[in-house]
1. Which condition from (1) in contact with an Asp or Glu (Cβ under 8 Å, 6 or more places away or on another chain); (2) hydroxyl-bearing (Ser, Thr, Tyr); (3) open to solvent by 30 Å² or more (accessible area, probe 1.4 Å) is the one that Ser134 breaks?
2. Among the residues of the range 178-201, is there at least one that is modelled with pLDDT under 95, farther than 22 Å from Leu258 by Cα and acidic (Asp, Glu)?
3. Please determine whether any residue of the range 57-70 is surrounded by fewer than 24 Cβ atoms within 10 Å (Cβ to Cβ), within 16 Å of the chain's Cα centre (by Cα) and of a type in the set (Val, Ile, Thr).
4. Going by the conditions given, is Leu93 touching a residue at least 40 places away in the same chain (Cβ under 8 Å) and either crowded, with 24+ Cβ neighbours inside 10 Å or touching a His at 6+ places or on another chain (Cβ under 7 Å) (or both)?
5. Note down all Cβ pairs under 7 Å where the first residue falls in the range 40-66 and is over 17 Å from Ser311 (Cβ atoms), the second is open to solvent by 20 Å² or more (accessible area, probe 1.4 Å) and of a type in the set (Phe, Trp, Tyr), and they're at least six residues apart or on different chains.
6. In the range 168-180, what residues are of a type outside the set (Ser, Thr, Tyr), surrounded by 24 or more Cβ atoms within 10 Å (Cβ to Cβ) and closer than 11 Å to Gln196 by Cβ?
7. Starting from the range 331-353, take each residue that is touching a residue at least 12 places away in the same chain (Cβ under 8 Å) and list its partners that are acidic (Asp, Glu), counting only C-beta distances under 7 angstrom and pairs at least six apart or across chains.
8. What are the pairs, 6+ residues apart or on separate chains, where a residue within the range 296-317 that is within 14 Å of Phe283 (Cα to Cα) and part of a helix (DSSP H, G or I) has its Cβ under 8 Å from a residue that is among the aromatic types (Phe, Trp, Tyr) and open to solvent by 70 Å² or more (accessible area, probe 1.4 Å)?
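The values are calculated or read from the model by the stated rules, or taken from the named source; none is laboratory data. Quantities reported herein were computed from a predicted structural model and do not represent experimental measurements. Note that each Cβ is placed from the backbone with ideal geometry, even for glycine, and that neighbours are counted across all protein chains shown. Ligands, DNA and RNA are stripped out before the accessible areas are found, and what is left, the full protein with its side chains, is counted by its heavy atoms. Shrake-Rupley method; radii C 1.70, N 1.55, O 1.52, S 1.80 Å.
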Amino acid sequence: MQIQFDNSRFSPAARVLIFVVLLLVFAWDFAPAQTSFYQGKTIQLTVGFGPGGVTDISARLVARYLGKHIPGHPNIIVQNMSGAAGISAANHLYNLAKRDGLTVMAMGRANYLEQMVGKPEVRFDFRKFSWVGSFNNAPMMLACRADRGLTTPEKIRASKTPPRFGQGGSGSISTIFSSLVEEALNLKFQNVMGYQSGREIDLALERGEVDCRASSDITILRSPWPEWLEKRFVTFLVQQGPKKSRVLPPEVPTVYELAAADARPVLDLMSVMLAFTEFDRPFAAPPETPVRLLQTLRDGFEKMLGDPGFSAEAKKLVDWDGSYLNGEQLQKRIDATVTQPPDVVKRIKEILQ
């Protein structure tokens, strides 16, 4: 729509009135367009991991509420696409998914690290996804089977064999955190790779295939962790820090408390390598999603977070404390995290080797 007129013919007050009227006309024209686009449509919400883990639980929670807050109220279906600790699904979203506003993904929050260290299987730029938003923050922790007696770093150092840690892949959040703990506390772990979800690692711990598990603190809210804690099946070795978790026992020490003074460079790297704990549940659309559709998704996501029903379920399922980043904030945080000087990238590579 183009409107041309000689504004010199109007008084300043009249010009302001005309401007406001035009804004209202454009807004009226825009809203029905969004409603008509999503009316009767279905959004596919892809989960980059197997069913049953916290990422899957969070995605299915979003699927139950997001459509209510998008004009036209589209249906939302969830599809799991596990593989390579979230990389397979991220590659698909980046290279193959349609840029039509009808695909959203519950992302692997730490997959930016594989990009930073140049993993050959990575075929995406984490900064170029169309970020919709994230909710919750969730620091990391390490837990081991109580019958292994691995309750302190000293006991791990004295163990004849390194404890076996169940891991998804080299870039999974559990591998990243356990690698940082190894470096900061001068420990040695044995990684058992290839598990497709957090639930699979839980089962491996129960079966005795592995001795320990690294995960977000909120993992302990879902089954089988409440039962494990009641039966004292697991003990907590360490938590991320520097601020202590809301859900872990307060006596669990932080990495910052246990690390020696000469470990400060490793602790400094945590601000980059564990930045993902600030955007615990990130959601993105493919790169180059049309701006107007991305904004609609972002607005719907932020409105969803204010839905009392969503808030109640999120508190119950993932101990949501109300923290979140909207799409624009998340985009800026990821840009700042991924864009690092060569010396920082070199250190990250050394730790993750």
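1. Every condition holds for Ser134 apart from (3).
2. So far as the range 178-201 goes, yes, one or more of its residues are modelled with pLDDT under 95, farther than 22 Å from Leu258 by Cα and acidic (Asp, Glu).
3. Yes, the range 57-70 has at least one match.
4. The answer is no for Leu93.
5. So the pair list comes out as Thr55/Phe49; Asp56/Phe49.
6. Passing the criteria: only Gly168.
7. Arg333/Glu278; Ile351/Glu183
8. Listed pairs, sorted by first residue: Glu302/Tyr324; Leu305/Tyr324.
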